[in-house]
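Okay, so here's the structure we're looking at.
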Amino acid sequence: MTRFSVVPSSYVYLRRGDEVMLQLRQNTGYMDGCWAAGAAGHVELGETAVDAAIREVREELGLSLVAAALTPVAVMQRTDGTDDPVEQRVDWFFVCDEWVGEPRILEPRKCAELAWFGLEALPERMPAYEREALAALRAGASATLLRHGFPAR
């Protein structure tokens, strides 16, 4: 039996009515020039996907939020079809309707712009897998998230 590892990431879409905030990626080497989740990043060792989502929102957008403000939309396992270990991924997608502060770009080297887009009027240039997650959000999908082996909060 061959085992493989997955790269875990959390994505957060701030929501305002039927609009979500997206960021225009730049200088990252991955999906530059595409609109993507307002905040996203890898889950670090010892973090849950929820912890990573909260941290990324704070680091990238300067906002504070609590775990209860995150609604899980989907968990997605994805690959590019190769055996490249970095392309074996599991992604958690969250929507957030409540936060403290005003969103601002805190990583200008990686983010050229922030903008709100209607779920029915998403930009053409965005990762296909994020478009799928937003389609699930538009359709009213929700996911159950369980945690095991992590300290109590």
Practice item. Return yes or no: is residue 128 surrounded by 14 or more Cβ atoms within 10 Å (Cβ to Cβ), over 12 Å from residue 20 (Cβ atoms) and free of Cβ contacts under 8 Å to residues at least 40 places away in the same chain? Key: no
Review point. Across the stretch 30-43, which residue is farthest from residue 105 (Cα to Cα) among those that are open to solvent by less than 40 Å² (accessible area, probe 1.4 Å) and part of a loop (DSSP other than H, G, I, E, B)?
Key: 43
Exercise for review: Only residues that are out of contact with any helix residue (DSSP H, G or I) (no Cβ under 9 Å at 6 or more places or on another chain) and farther than 19 Å from residue 41 by Cβ: list them for the stretch 72-101, please.
Suggested key: 82, 83, 84, 100
**Study point:** Hits in the stretch 44-60 (condition: free of Cβ contacts under 8 Å to residues at least 40 places away in the same chain and either closer than 16 Å to residue 72 by Cα or in a helix (DSSP H, G or I) (or both))
**Key:** 51, 54, 55, 58
Point to revise | Output for the stretch 86-103, where each listed residue is touching a strand residue (DSSP E or B) at 6+ places or on another chain (Cβ under 8 Å) and not in a strand (DSSP E or B) | key: 86, 87, 97, 99, 101, 103
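Yes or no, residue by residue, for (1) surrounded by fewer than 12 Cβ atoms within 10 Å (Cβ to Cβ); (2) within 22 Å of residue 26 (Cα to Cα); (3) touching a Leu at 6+ places or on another chain (Cβ under 6 Å); (4) without any contact (Cβ under 8 Å) to a residue 24 or more places away in the chain:
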site	(1), (2), (3), (4)
67	no, no, no, no
86	yes, yes, no, no
106	no, yes, no, no
111	no, yes, no, no
Point to revise | Per-region count, the stretch 1-22, residues closer than 22 Å to residue 125 by Cβ and not in a strand (DSSP E or B) | key: 1
**Study point:** Selection from the stretch 9-29 of residues that are of a type outside the set (Val, Ile, Thr), open to solvent by less than 70 Å² (accessible area, probe 1.4 Å) and modelled with pLDDT under 95
**Key:** none
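The values are calculated or read from the model by the stated rules, or taken from the named source; none is laboratory data. Worth saying up front: this structure is predicted, and the values here are computed from it rather than measured. Cβ coordinates were reconstructed from backbone atoms using ideal geometry, including for glycine residues, and neighbour counts include every protein chain displayed. Quick note on the areas: whole protein, heavy atoms, side chains included, nothing else; ligands and nucleic acids left out. Shrake-Rupley method; radii C 1.70, N 1.55, O 1.52, S 1.80 Å.
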